[in-house]
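Chemist: Before I ask anything, here is the structure I am working with.
The values are calculated or read from the model by the stated rules, or taken from the named source; none is laboratory data. From a predicted model like this one, the values you see are computed outputs, not experimental measurements. Cβ atoms come from the backbone with ideal geometry, glycine included; neighbour counts cover every protein chain shown.
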Amino acid sequence: MKLLDRYNSLSLLTTILVIVVTGVIYYFSISYILTGQVDKDLEVEENEIFEYVKLNHALPQVFKSDDLIIHFTPIGGHGVTRRFSDCRFFDAHERDEESGRTLTSSVMVGQQLYRIEITESKVETEDLIRMIFFITLGIVFVLLTVLLLINRLVMRRLWQPFYRILKAIKLFNLADRNGIDPVNSHIDEFRDLNLEVTAMSQRVLQDYRSLKAFVENAAHELMTPLAVINSKLDTLMQVGEMNDKQGLLISEVYHTVGKLKKLNRSMLMLSRIENKLIAEREEIDLCQFIQDMVNEFQELLADRGIVISEGLKPCRIKINRDLLMIILNNLMGNAIQHNCKQGKIVIQLDQQGFSFCNTGAPVPLNEKQILQRFYKSPESEGSGLGLTLIKEICDSYGFSFRYAFRNNMHCFDISGI
Amino acid sequence: MHKIYTELMMSFETIVKILVIEDEPGLRDSIRDYFAESGNICETASEYETALQKINVYRYDCILLDITLPNGSGLDILEALKANHHPDGVLIISAKNSLDDRLRGLDLGADDYLTKPFHLSELKARVMAIVRRKSFNGNREIIFREITIDLLAKQVNVFGVSIKLTKKEYALLLYFVANKGKVISKNAIAEHLWGDEIDISDNFDFIYSHIKNLRKKLIEAGSGDYIQSTYGMGYKFRDH
């Protein structure tokens, strides 16, 4: 639920509650005041009757009126208590019952005690109350609507800086090397938030950069000792008089150094891609490129009895040549390495993308797992960075890289090229 | 006439004068030993000043240049070399495989770029290629005894009779000849033929079939049996 909606619903609920309560109070106080007014009129009538009786010693002539009825009833014994009461009033003109107000009193004319009942219609008073009520209701309604609308508009405008900051945070990507841009706002809270977020993004970037630099430097520094080991092994191999056991040992060390070298290179390459250090691109005929690569691997494929089938449509792509090479070599290398004897590799290419499918283990791989850094299957001899490299390169170009298990084949799809 | 020319070529191929500018003593010595063994002249410089002095006074067939040096950059040495119009071939060896460095180096006129760590056999093959390209007569043939490799036509003749090699076998032969008399590891061969980005393992047994085929083709054409396996580590192209 949005803050604005939450706030609105709360304030709306409170407003309605307050209006209902005040409305009730309002109604009762107005009707109390107006009833008091009617009672005063009745008292005036009563006084007039008393005046008349005092002067003339007779009951006054009663004229029929639409909204005032006076009744004299002779009563015996003692008088009635003077009181005001609500009653029904029959409007002869309108021919229907209305509410009215009666003053019951008594007057002595000669020796006869009369009860006086002065009844006045309250219909006008009620009309007035109704009118006041509706007008008030209308005003409240209009006010509420206007307030809500203004809230909505003003709040939305006021929150703009917040949404901009939020968007910037969402778009924030460490690898982009751009911090979060400051958003201008006159509101203190947003300015503080923005200031902190901007500062935080800079700090994070700084940390990330130094971490990256460390990884890159470490990998670089490792290259020289590796080069020395490698060259010493090369030199050692030139020494004659060796037995097969020694030869095998050297071979194994050599092989391991080779793996270390590849691992190191992959790490360097990864950090270079993540740091967007590889900018230059050229237009490449992907169809031709894939064919050339397949030719490179021809002997290797033949050696393992792997049959390759291609469905290549013409496609040109703007990409860095070295990175494309890494993608294709890794995909092809995997397809060969994780294949079975007499297996199959299917390469498809069209305008949208390309895919490498190979036979191999009969169970699907876990997509999440295989894209993890340094993940490798137990029988793999690779660095565990091959697919990560491909993923990073694809990400940096905005391609999508997915794994799927189709027709008993492991497929790696690159789309959106 | 043809024979004298051939012998000239051979002597030119075998004796090469190179300068190694590298601050890491272990690597410098290995390179020197590897090159010097086959009768080449190999001088070394470990830092910027010495290197600059040497390149101003002497000429080399090829200079192996490390970019990161104490008190200076290898790229400055390269610039100095080119500013003086010295014709020496330059091969940059650097731990940085940063494309920028490579491009800058090649833009400045380096002939090739090799990323550390590398195989000495690969280094030798690259150096020999540079030397061949730089040689005044545009050396287009490599002659090893009865084997003649035509670099332009990518054609191999044994006793003047052409033999048909696949692309990989041709590259393999060239690699062997550049490193004749040296044991080349299987890794080095695999990386030379397929590049080093791929993770193809299986102990490189797959290169065995290439070598077997190449050897068979050469012997069938009447050449000597030069390729031999060495203690399971690698292969050697005998030069005697």
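Chemist: Would you please list the contacts, defined by Cβ atoms under 7 Å and residues six or more apart or on different chains, that run from a residue in the stretch A:221-232 that is over 13 Å from residue B:23 (Cβ atoms) and in the same structural domain as residue A:251 (by TED's automatic domain parsing) to a residue that is among the aliphatic types (A, V, I, L, M) and assigned to a helix (DSSP H, G or I)?
Modeler: Close Cβ pairs (under 7 Å, with a partner that is among the aliphatic types (A, V, I, L, M) and assigned to a helix (DSSP H, G or I)) amount to A:226/A:257; A:226/A:260; A:229/A:257; A:230/A:257; A:231/B:27; A:231/B:31; A:231/B:120.
Chemist: Which residue out of A:308, A:290 is buried (at least 17 other Cβ atoms within 10 Å of the Cβ), in a strand (DSSP E or B) and more than 11 Å from chain B (Cβ to nearest Cβ)? Steps first, please.
Modeler: Values: A:290 fails: in a strand (DSSP E or B).
Result of the check over A:308, A:290: A:308.
Chemist: Let me ask you something else. Here is a list of conditions, (1) more than 22 Å from the chain's Cα centre (by Cα); (2) more than 23 Å from residue A:22 (Cα to Cα), and residue A:144 meets all of them except one; can you say which number that is?
Modeler: With respect to (1) more than 22 Å from the chain's Cα centre (by Cα); (2) more than 23 Å from residue A:22 (Cα to Cα), residue A:144 is out only on (2).
Chemist: Starting from the stretch A:24-47, keep only residues that are in the same structural domain as residue A:84 (by TED's automatic domain parsing), then list their pairs with residues that are part of a helix (DSSP H, G or I) and of a type in the set (Ser, Thr, Tyr) whose Cβ atoms are within a distance under 8 Å, requiring at least 6 positions of separation or different chains.
Modeler: Hits for this filter: A:26/A:136; A:31/A:125; A:34/A:125; A:35/A:125; A:37/A:125; A:38/A:125.
Chemist: Looking at residue A:32, is it within 60 Å of the chain's Cα centre (by Cα) and either outside any helix (DSSP H, G or I) or under 22 Å from residue A:135 (Cα atoms) (or both)?
Modeler: It is true that residue A:32 is within 60 Å of the chain's Cα centre (by Cα) and either outside any helix (DSSP H, G or I) or under 22 Å from residue A:135 (Cα atoms) (or both).
Chemist: Among the candidates B:88, B:66, B:111, B:107, which residue alone is closer than 25 Å to residue A:279 by Cα and away from every other protein chain (no Cβ under 14 Å)?
Modeler: Values: B:88 fails: closer than 25 Å to residue A:279 by Cα; B:66 fails: away from every other protein chain (no Cβ under 14 Å); B:107 fails: away from every other protein chain (no Cβ under 14 Å).
Going through B:88, B:66, B:111, B:107 in turn, the sole match is B:111.
Chemist: Sticking with this structure for a sec: Pull up the stretch A:207-245, narrow it to residues that are over 15 Å from residue A:274 (Cα atoms) and of a type in the set (Val, Ile, Thr), then point me to the one that is surrounded by the fewest Cβ atoms within 10 Å (Cβ to Cβ).
Modeler: The residue in question is A:239.
Chemist: Let me ask something else. Quick one: count up the residues across the stretch A:230-282 that are modelled with pLDDT of 85 or more, among the β-branched types (Val, Ile, Thr) and under 55 Å from the mean Cα position of the chain (by Cα).
Modeler: Qualifying residue count, the stretch A:230-282: 2.
Here is a yes/no grid of residues against (1) in a helix (DSSP H, G or I); (2) free of Cβ contacts under 8 Å to residues at least 12 places away in the same chain; (3) basic (Lys, Arg); (4) within 14 Å of chain A (Cβ to nearest Cβ):
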{"position": "B:143", "(1), (2), (3), (4)": "no, no, no, no"}
{"position": "B:148", "(1), (2), (3), (4)": "no, no, no, no"}
{"position": "B:171", "(1), (2), (3), (4)": "yes, no, no, yes"}
{"position": "B:180", "(1), (2), (3), (4)": "no, no, yes, yes"}
{"position": "B:191", "(1), (2), (3), (4)": "yes, no, no, yes"}
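Chemist: Does any residue of the stretch A:348-366 turn out to be outside the structural domain of residue A:229 (by TED's automatic domain parsing) and either more than 46 Å from the chain's Cα centre (by Cα) or under 30 Å from residue A:234 (Cβ atoms) (or both)?
Modeler: Among the residues of the stretch A:348-366, not one is outside the structural domain of residue A:229 (by TED's automatic domain parsing) and either more than 46 Å from the chain's Cα centre (by Cα) or under 30 Å from residue A:234 (Cβ atoms) (or both), which makes the answer no.
Chemist: Right, next: Within the stretch A:272-287, how many residues turn out to be among the basic types (Lys, Arg) and either part of a helix (DSSP H, G or I) or touching an Asp or Glu at 6+ places or on another chain (Cβ under 6 Å) (or both)? I'd like the intermediate steps shown before the answer.
Modeler: Step one: filter the stretch A:272-287 for residues among the basic types (Lys, Arg), giving A:272, A:276, A:281.
Among the residues that remain, those that are also either part of a helix (DSSP H, G or I) or touching an Asp or Glu at 6+ places or on another chain (Cβ under 6 Å) (or both) are: A:272.
The number of residues fulfilling the criteria is 1.
Chemist: Just to be sure before I move on: is residue A:343 under 37 Å from the mean Cα position of the chain (by Cα) and either farther than 17 Å from residue A:270 by Cβ or surrounded by 19 or more Cβ atoms within 10 Å (Cβ to Cβ) (or both) in the structure I sent?
Modeler: So residue A:343 fails the test.
Chemist: If residue A:321 passes every condition in (1) within 14 Å of chain B (Cβ to nearest Cβ); (2) surrounded by 20 or more Cβ atoms within 10 Å (Cβ to Cβ) but one, which one does it miss?
Modeler: Going through the list (1) within 14 Å of chain B (Cβ to nearest Cβ); (2) surrounded by 20 or more Cβ atoms within 10 Å (Cβ to Cβ), residue A:321 breaks only (2).
Chemist: How many residues does the stretch A:188-206 contain that are surrounded by 14 or more Cβ atoms within 10 Å (Cβ to Cβ) and either aliphatic (A, V, I, L, M) or at pLDDT below 80 (or both)?
Modeler: Looking only at that region, the number is 5.
Chemist: Further question on the same structure: Going through B:193, B:106, B:151, B:120 one at a time, which residue ends up being farther than 28 Å from residue A:294 by Cα and at pLDDT below 90?
Modeler: Step by step, each of B:193, B:106, B:151, B:120 is checked, and only B:106 is farther than 28 Å from residue A:294 by Cα and at pLDDT below 90.
Chemist: Let me ask something additional. Give the residue, chosen from A:196, A:252, that is within 14 Å of chain B (Cβ to nearest Cβ) and either within 26 Å of residue B:30 (Cβ to Cβ) or assigned to a helix (DSSP H, G or I) (or both).
Modeler: Exactly one residue qualifies, and that residue is A:252.
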